[in-house]
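The values are calculated or read from the model by the stated rules, or taken from the named source; none is laboratory data. Treat the numbers as computed from the prediction; the structure is a model and nothing was measured. Glycine gets a Cβ as well: all are built from the backbone with ideal geometry, and neighbour counts include every protein chain shown. Side chains are part of the model used for accessible areas, which takes the heavy atoms of the whole protein and leaves out ligands, DNA and RNA. Shrake-Rupley method; radii C 1.70, N 1.55, O 1.52, S 1.80 Å.
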Amino acid sequence: VLDPRTGARGVVGEVKPLVGWKRKVYVFMFGTHVWVSRGVGYHAEKYGTIFEAYKEDTAWFGSFELVQMLLLSMGSAWVPREQRECNARNILISIVLTAFLVILVATQPYEAPFDNMLATILAAAMAVAVILMTVGICLESATATLYDVAGVLLLLSFFLVLVKTAMDFLTYVYDLWIGRRSSVRHADRLSKSNLLHGFDLGSLAMTQTELCDKLSTPLVTDVQPFPQRDSRCIITVRALPEPDDTDRAML
């Protein structure tokens, strides 16, 4: 869902939209959307660390990264016996890194522009470095310049990994400090609870199934007609050990 801090709407719950340079920095570091669980269950809260960094239509990119790492590990574990096997291994690794770079640039899979930028620079540096080393090994007569440039790029990749690790940690701590995910999910639940206000089965002419779909929240588990034949209904709510303010509001 859209992060209220990046929207143009008014205050949603306790979240006020950012403006000016603060909004630009916030969007650059975090993006504009947050994964939110819908229906029964808390899937995003439980497993969000696996896919929350990606956009909704590119959540598969995490699996693609794992496949790339697996292929690179297999290539590194391949011990060539001849020069042509060594060349073949290096060429295959270069192809894997180049394909990953092309798909990364084409899809821009991360929600945050900062992550897309850093991942693109890192992937480009690694791909070019390996390609230069592959050319140098295959030609054998290549000058040391190729290896020098490749060494600089590999060193740059190493520092970029350190920067990525540090920034991920800092943004995660800041994320927890401002309660970004919890506030967005709170605002989303408030918007859904506002839709529930004043529901009347008679005027809406909803079936029981349609109403259950309309009231699809992690709290509501069942909707039954009221014993008397009128427009009211009984909503069964799942009990929580310690409901928070949002849950109390919905109840």
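Some observations on this one:
- Listed by position, the helices (runs of 4 or more DSSP H) inside the stretch 41-112 whose residues that are among the hydroxyl-bearing types (Ser, Thr, Tyr), over 19 Å from the mean Cα position of the chain (by Cα) and within 25 Å of Asp168 (Cβ to Cβ) number at least 2 are 61-77.
- Residue that is open to solvent by 30 Å² or more (accessible area, probe 1.4 Å) and touching a residue at least 40 places away in the same chain (Cβ under 8 Å), where the choices are Thr134, Thr120, Thr58, Thr32: Thr32
- Scan of the stretch 79-107 for residues that are touching a Ser or Thr at 6+ places or on another chain (Cβ under 8 Å), surrounded by fewer than 19 Cβ atoms within 10 Å (Cβ to Cβ) and within 30 Å of Lys24 (Cα to Cα), ordered by number: Val105, Thr107
- Selection within the stretch 9-29 - at pLDDT below 80 and open to solvent by 80 Å² or more (accessible area, probe 1.4 Å): Arg9, Val11, Glu14, Lys16, Val19
- Residue list for the stretch 108-117, filter: surrounded by 18 or more Cβ atoms within 10 Å (Cβ to Cβ) and not hydrophobic (A, V, I, L, M, F, W, C): Pro109, Tyr110, Glu111, Asp115, Asn116
- The C-beta contact set for the stretch 70-92 (first residue free of Cβ contacts under 8 Å to residues at least 12 places away in the same chain and among the hydrophobic types (A, V, I, L, M, F, W, C), second residue part of a helix (DSSP H, G or I) and open to solvent by 80 Å² or more (accessible area, probe 1.4 Å), distance under 9 angstrom, 6+ apart or interchain) comprises Trp78/Leu92.
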